[in-house]
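Written out below as structure tokens is the structure these notes cover.
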Ligand SMILES: [Zn+2]
């Protein structure tokens, strides 16, 4: 079956930066609903559209087509006493960007000092060109329910809490939008 609108695609991947430093080795395949549902990066869908099981490719995606340029305005310093304790580098909080009334942003703690904490609202992959080694391992038709929901169900997909096998995030790799 060829990859087309409303197919569920399983793809082994390896993610590196433009200098070929490994970022993620893709121990689990990425499984996504194809056809503009923002389950994965549009450039990946573009590359795989019309392809079949066994197709392999390496593509480089520039920041503007991945997670955007790094925005220094999304870095802010907070008083440590305004944040919960204990606080460590790598913790994430949802908050609003300075001077913005748009979507909330996920801030990652990047530095902790005695009385201040640095929060970075950029996606961890912002500003980076990403190189994907892709290898298509399965293509199937999506179910009507998956199409209605706009994401994959079952193994590696959304589970809606009807079981304890999956936490529901496997189908959302490399979304260009933050997780809801
Ligand atoms: Zn669903």
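The values are calculated or read from the model by the stated rules, or taken from the named source; none is laboratory data. Just so it is clear, the structure is predicted and the values come from calculations on it, not from any experiment. Because the Cβ atoms are built from the backbone with ideal geometry, glycine has one as well, and the counts that use them run over all protein chains shown.
For segment 52-69, check the following and say yes or no: at least one residue is surrounded by 13 or more Cβ atoms within 10 Å (Cβ to Cβ), without any contact (Cβ under 8 Å) to a residue 12 or more places away in the chain and in a strand (DSSP E or B). So far as segment 52-69 goes, no, none of its residues is surrounded by 13 or more Cβ atoms within 10 Å (Cβ to Cβ), without any contact (Cβ under 8 Å) to a residue 12 or more places away in the chain and in a strand (DSSP E or B). Screening residue 43 on (1) touching a residue at least 24 places away in the same chain (Cβ under 8 Å); (2) touching a helix residue (DSSP H, G or I) at 6+ places or on another chain (Cβ under 6 Å) shows it passes everything except condition (1). Within segment 27-46, the set of residues being in contact with a strand residue (DSSP E or B) (Cβ under 8 Å, 6 or more places away or on another chain) and surrounded by fewer than 18 Cβ atoms within 10 Å (Cβ to Cβ) comprises just one member, 35.
Sort through 37, 32 and tell me the only one that's in the same structural domain as residue 143 (by TED's automatic domain parsing) and assigned to a loop (DSSP other than H, G, I, E, B). Before the answer, list the steps.
On the way: 32 fails: assigned to a loop (DSSP other than H, G, I, E, B).
Sole residue among the options that is in the same structural domain as residue 143 (by TED's automatic domain parsing) and assigned to a loop (DSSP other than H, G, I, E, B): 37.
Yes or no: residue 13 at pLDDT below 95 and surrounded by 14 or more Cβ atoms within 10 Å (Cβ to Cβ)? Step through it out loud before you land on a result.
Numbers: at pLDDT below 95: no; surrounded by 14 or more Cβ atoms within 10 Å (Cβ to Cβ): yes.
No; evaluated as a whole, the condition is false for this residue.
The set of residues in segment 1-17 that are assigned to a loop (DSSP other than H, G, I, E, B) and touching a strand residue (DSSP E or B) at 6+ places or on another chain (Cβ under 6 Å) comprises 1, 3.
Selection over segment 83-96 of residues that are in contact (Cβ under 8 Å) with a residue 24 or more places away in the chain and more than 20 Å from the chain's Cα centre (by Cα) gives a count of 3.
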